[in-house]
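The structure under discussion appears below in the form of C-alpha coordinates.
The values are calculated or read from the model by the stated rules, or taken from the named source; none is laboratory data. Keep in mind the model is a prediction, meaning the values are calculated, not measured. We work out accessible area using only protein heavy atoms, side chains counted, and drop any ligands, DNA or RNA first. Shrake-Rupley method; radii C 1.70, N 1.55, O 1.52, S 1.80 Å.
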Amino acid sequence: MIGCLPPFLLLLIGGVIGALVGGKYGAAWGGGVGLILGLALMVALVGLLRNARHR
(Lines give C-alpha, C1' and ligand atoms only; values in the text may rest on other atoms or scores of the structure.)
Protein backbone atom coordinates (compact mmCIF):
# COMPACT_ATOMS: atom_id res chain seq x y z
CA MET A 1 0.00 0.00 0.00
CA ILE A 2 2.80 2.45 0.78
CA GLY A 3 4.24 1.99 -2.70
CA CYS A 4 1.11 3.46 -4.26
CA LEU A 5 1.42 6.85 -2.57
CA PRO A 6 4.55 8.38 -4.18
CA PRO A 7 3.12 8.75 -7.71
CA PHE A 8 0.04 10.59 -6.50
CA LEU A 9 1.85 12.76 -3.99
CA LEU A 10 4.58 13.74 -6.43
CA LEU A 11 1.96 14.39 -9.13
CA LEU A 12 0.22 16.87 -6.83
CA ILE A 13 3.42 18.46 -5.56
CA GLY A 14 4.81 18.77 -9.10
CA GLY A 15 1.58 20.28 -10.34
CA VAL A 16 1.50 22.89 -7.59
CA ILE A 17 5.16 23.84 -8.02
CA GLY A 18 4.74 23.94 -11.79
CA ALA A 19 1.68 26.17 -11.47
CA LEU A 20 3.56 28.57 -9.23
CA VAL A 21 6.54 28.74 -11.58
CA GLY A 22 5.00 28.45 -15.05
CA GLY A 23 1.25 28.87 -14.78
CA LYS A 24 -1.08 26.51 -16.61
CA TYR A 25 1.54 24.82 -18.80
CA GLY A 26 4.00 24.60 -15.93
CA ALA A 27 1.39 22.76 -13.89
CA ALA A 28 0.98 20.18 -16.65
CA TRP A 29 4.74 19.69 -17.02
CA GLY A 30 5.29 19.62 -13.25
CA GLY A 31 2.52 17.09 -12.78
CA GLY A 32 3.92 14.90 -15.57
CA VAL A 33 7.44 14.99 -14.19
CA GLY A 34 6.13 14.31 -10.69
CA LEU A 35 4.14 11.33 -11.93
CA ILE A 36 7.16 9.85 -13.74
CA LEU A 37 9.38 10.31 -10.69
CA GLY A 38 6.70 8.81 -8.46
CA LEU A 39 6.38 5.76 -10.69
CA ALA A 40 10.15 5.31 -10.72
CA LEU A 41 10.24 5.54 -6.92
CA MET A 42 7.39 3.04 -6.65
CA VAL A 43 9.22 0.53 -8.85
CA ALA A 44 12.43 1.03 -6.85
CA LEU A 45 10.60 0.59 -3.55
CA VAL A 46 8.90 -2.60 -4.71
CA GLY A 47 12.27 -3.95 -5.89
CA LEU A 48 13.88 -3.16 -2.54
CA LEU A 49 11.06 -4.84 -0.66
CA ARG A 50 11.31 -7.95 -2.85
CA ASN A 51 15.06 -8.18 -2.25
CA ALA A 52 14.55 -7.75 1.49
CA ARG A 53 11.93 -10.51 1.53
CA HIS A 54 14.24 -13.00 -0.21
CA ARG A 55 17.09 -12.48 2.26
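Tabulated data for the structure shown
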| read-out | value |
| --- | --- |
| Choice from Leu37, Leu20, Leu12 with maximal GNM fluctuation in the chain (Cα, 10 Å cutoff) | Leu20 |
| Ellipticity estimate at 222 nm from DSSP helix runs (n ≥ 4, -39,500 (n - 2.57)) divided over the chain, nearest 500 | -34000 deg cm²/dmol |
| Whole-number accessible area per residue in Å² for the chain, which is evaluated in the context of all protein chains at 1.4 Å | 81 |
| With Cα atoms, 0 to 90° folded angle of helix 5-54 axis to the chain main axis | 0 |
| Rg followed by Dmax, in Å, when the chain is reduced to its Cα trace | 13.7, 47 |
| Carbon + sulfur, % of accessible area of the chain - ligands and nucleic acids excluded, 1.4 Å | 78 |
| Among Gly23, Gly31, Gly15: highest mean-square fluctuation, GNM of the chain, C-alpha pairs under 10 Å | Gly23 |
